[in-house]
1. Restricting the search to the stretch 160-183, which residues are within 24 Å of A114 (Cα to Cα) and either in contact with a Lys or Arg (Cβ under 6 Å, 6 or more places away or on another chain) or open to solvent by less than 20 Å² (accessible area, probe 1.4 Å) (or both)?
2. Just the residues that are surrounded by 14 or more Cβ atoms within 10 Å (Cβ to Cβ), touching a helix residue (DSSP H, G or I) at 6+ places or on another chain (Cβ under 8 Å) and outside any loop (DSSP other than H, G, I, E, B), please, taken from the stretch 203-214.
3. Scan (1) farther than 22 Å from A191 by Cα; (2) open to solvent by 30 Å² or more (accessible area, probe 1.4 Å); (3) not hydrophobic (A, V, I, L, M, F, W, C) for the single condition Y72 breaks and write down its number.
4. Taking the stretch 215-242 only, how many residues are touching a strand residue (DSSP E or B) at 6+ places or on another chain (Cβ under 7 Å) and part of a helix (DSSP H, G or I)?
5. Sort out which residues of the stretch 184-197 are out of contact with any strand residue (DSSP E or B) (no Cβ under 6 Å at 6 or more places or on another chain) and either open to solvent by less than 10 Å² (accessible area, probe 1.4 Å) or aromatic (F, W, Y) (or both), and write them in order of number.
6. I'd like to know if the stretch 58-71 contains one or more residues that are out of contact with any strand residue (DSSP E or B) (no Cβ under 7 Å at 6 or more places or on another chain), within 15 Å of A93 (Cβ to Cβ) and free of Cβ contacts under 8 Å to residues at least 12 places away in the same chain.
7. Going by the structure shown, is F6 within 24 Å of N195 (Cα to Cα) and among the aromatic types (F, W, Y)?
Amino acid sequence: MRNNVFDLSGKNAVITGGSRGLGKSFAESLARAGANIIIVDVVRNEQTEKEIRDYGVSCETIPFDLADFDHYAELVDTVISKYKKIDILINNAGIQRRHPSVDFPKADWDLVQAINQNAVFFMCQAFGRHMIENGYGKIVNIASLLSFQGGFTIPAYTAAKSAVMGFSKSLSNEWASKGVNVNCIAPGYIATEMNTALMNDEVRNRQIMDRIPAGRWGNPQDLGGAAVFLASSASDYINGHAIVVDGGWMGR
């Protein structure tokens, strides 16, 4: 009988920002498929760890500030020394800052670029070296619907997510022949803490809902299937691609 190509049993997955929100959903989805989970986050959530271990896999959190670029090598060394190999990297961690573009503060611009763009690239670089040495790896970067569209009052976020989708293609060009797949998931409007302001804005929320063919905001769990697919051998011949999970928004 043919093996299950979506099976992640025995694989080790690093997920940034995996303690809550989308990151937690990604962690749960991969854990259900059999992967051991290493969460890299500024905070530890013991309840999240417990819930993931209930799937019969291991889970731990390594507290780390993704803006601390000088210590990425130490982070990788810490992870590899314990797990020996990392098969999957999901770069999920991100932040949001909203201001009219004419008033957007440089400090907020720099912070958004640091976490949403620079950290993603340098995590790819740091763990990518290890994956290339092993001849195998799955990197899933979280882009956005805003990688395709401009949005309102979020120029820094749009710039960062556009860059993520762009350099994911560049990494794919270099690493596909070395056994490392680099792809993106581009979520649409997902009901998370980051989007609370939008959901509470009666006018903007109605405009968004009217545009989504599925008729609802997405849930974090709606992204899990795409994550498992891109983390598994089912996607071995997919490189430099962005799977849009948006309830049909881009089709309108």
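1. A160, K161, V164, S168, L171, S172, N181, V182, N183
2. As a first pass, look at the stretch 203-214 and keep what is surrounded by 14 or more Cβ atoms within 10 Å (Cβ to Cβ): 205, 208-209, 211-212.
In the following step, the residues that additionally are touching a helix residue (DSSP H, G or I) at 6+ places or on another chain (Cβ under 8 Å) were identified as 205, 208, 211-212.
Within the stretch 203-214, N205, I208, R211 qualify.
3. If we test Y72 against (1) farther than 22 Å from A191 by Cα; (2) open to solvent by 30 Å² or more (accessible area, probe 1.4 Å); (3) not hydrophobic (A, V, I, L, M, F, W, C), just (2) comes out false.
4. Residues flagged as touching a strand residue (DSSP E or B) at 6+ places or on another chain (Cβ under 7 Å) and part of a helix (DSSP H, G or I) within the stretch 215-242 amount to 8.
5. Y189
6. Within the stretch 58-71, one or more residues are out of contact with any strand residue (DSSP E or B) (no Cβ under 7 Å at 6 or more places or on another chain), within 15 Å of A93 (Cβ to Cβ) and free of Cβ contacts under 8 Å to residues at least 12 places away in the same chain.
7. Numbers: within 24 Å of N195 (Cα to Cα): no; among the aromatic types (F, W, Y): yes.
Criteria not met by F6.
Residue-by-condition table, conditions (1) under 18 Å from the mean Cα position of the chain (by Cα); (2) surrounded by fewer than 22 Cβ atoms within 10 Å (Cβ to Cβ); (3) aliphatic (A, V, I, L, M):
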position: F6; (1), (2), (3): no, yes, no
position: A27; (1), (2), (3): yes, no, yes
position: G34; (1), (2), (3): no, yes, no
position: V40; (1), (2), (3): yes, no, yes
position: V43; (1), (2), (3): yes, yes, yes
position: E51; (1), (2), (3): no, yes, no
position: G56; (1), (2), (3): no, yes, no
position: D68; (1), (2), (3): no, yes, no
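The values are calculated or read from the model by the stated rules, or taken from the named source; none is laboratory data. Treat the numbers as computed from the prediction; the structure is a model and nothing was measured. In this analysis, Cβ positions are derived from the backbone assuming ideal geometry, glycine residues included, and neighbour counts consider all displayed protein chains. Only protein heavy atoms, including side chains, enter the accessible area calculation; ligands, DNA and RNA are left aside. Shrake-Rupley method; radii C 1.70, N 1.55, O 1.52, S 1.80 Å.
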